[in-house]
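Encoded as structure tokens, the structure appears first; notes follow it.
The values are calculated or read from the model by the stated rules, or taken from the named source; none is laboratory data. For clarity, every value in this text was computed on a predicted model and none was experimentally measured. Positions of Cβ are generated from backbone atoms using ideal geometry, with glycine treated the same way; all protein chains shown enter the neighbour counts. Keep in mind that these areas ignore ligands, DNA and RNA; they rest on the heavy atoms of the full protein, side chains included. Shrake-Rupley method; radii C 1.70, N 1.55, O 1.52, S 1.80 Å.
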Amino acid sequence: MEKSKLLDQLNHQKLEKQLIDSEIAYLKSQINPHFLFNTLNFLHNSAIRTSPGLSKPILLLSDIMRYALTEVPLNGKVDLAEEIEQIASFIDLNQFRFDHNLQLSFTITGNTGNLKIIPLILLTPVENIFKYADLKNYENPVKINLDIDDNKLQFTITNRKLRTRRTVMSHGLGLKNLKLRLDAYYLDNHHIQIVENADTYSFKLQITL
């Protein structure tokens, strides 16, 4: 009975993982990569001639989209260093959008080595910053910290909330999908802690890779 129960649980986890993977594959299929990258290449070449300041953010956007749409290996994981690079690119792109006035830091401690991670798992909570955080608060800048100790990863984000009367609508996968993906790939090897009040928000993710 114990063995049967365990097999049922493993089968359920496998099906859940397949469902999540298929949802992501479906979202990717809605975008034609060939058209997208041809268009971005055209915009980049045009910007070099007419508006050189736009060429760098176009390249950053192209890099981010290529990462999001590229097929991942069969194990569903990419180099941790790649995920970190995309976070840096995403932050740089948004700094261009806001004339480099965003009050935000991204620090990394430890060695990524040959560590692997499922893609977009760190980028998703970073994206939420640009929806909900007060990014121009000089006294309380947004802090993103990534700490790596052997195969243990801790990713934390702390920020002040953006005060606005306008309701910010959430689109796509968000934290709910993030938790589903973590459950499917890491099961008992991860922990998410979210602490918030009226003014502040703190996100902490721990994973044994």
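Within segment 106-132, track down each residue that is among the hydrophobic types (A, V, I, L, M, F, W, C) and either farther than 14 Å from Ser89 by Cβ or open to solvent by 60 Å² or more (accessible area, probe 1.4 Å) (or both).
Matches in segment 106-132: Ile108, Leu115, Ile117, Ile118, Ile121, Ile129.
Out of the residues in segment 148-192 meeting the condition of being in contact with a Lys or Arg (Cβ under 6 Å, 6 or more places away or on another chain) and modelled with pLDDT of 95 or more, tell me which one is farthest from Ile117 (Cα to Cα).
Thr158
Exactly one condition in (1) under 20 Å from Asn151 (Cα atoms); (2) touching a helix residue (DSSP H, G or I) at 6+ places or on another chain (Cβ under 6 Å); (3) surrounded by fewer than 18 Cβ atoms within 10 Å (Cβ to Cβ) is not met by Glu82; state its number.
(2)
Can you name every residue in segment 54-76 that is closer than 23 Å to Tyr185 by Cβ, open to solvent by less than 50 Å² (accessible area, probe 1.4 Å) and not hydrophobic (A, V, I, L, M, F, W, C)?
Tyr67, Gly76
What's the total number of residues in segment 107-125 that are under 8 Å from the mean Cα position of the chain (by Cα) and either among the charged types (D, E, K, R) or assigned to a loop (DSSP other than H, G, I, E, B) (or both)?
Counting residues in segment 107-125 that are under 8 Å from the mean Cα position of the chain (by Cα) and either among the charged types (D, E, K, R) or assigned to a loop (DSSP other than H, G, I, E, B) (or both) gives 4.
In segment 66-89, what residues are under 13 Å from Pro119 (Cβ atoms) and assigned to a helix (DSSP H, G or I)?
Within segment 66-89, Arg66, Tyr67, Ala68, Leu69, Leu80, Ala81, Glu82, Glu83, Ile84, Glu85, Gln86, Ile87 qualify.
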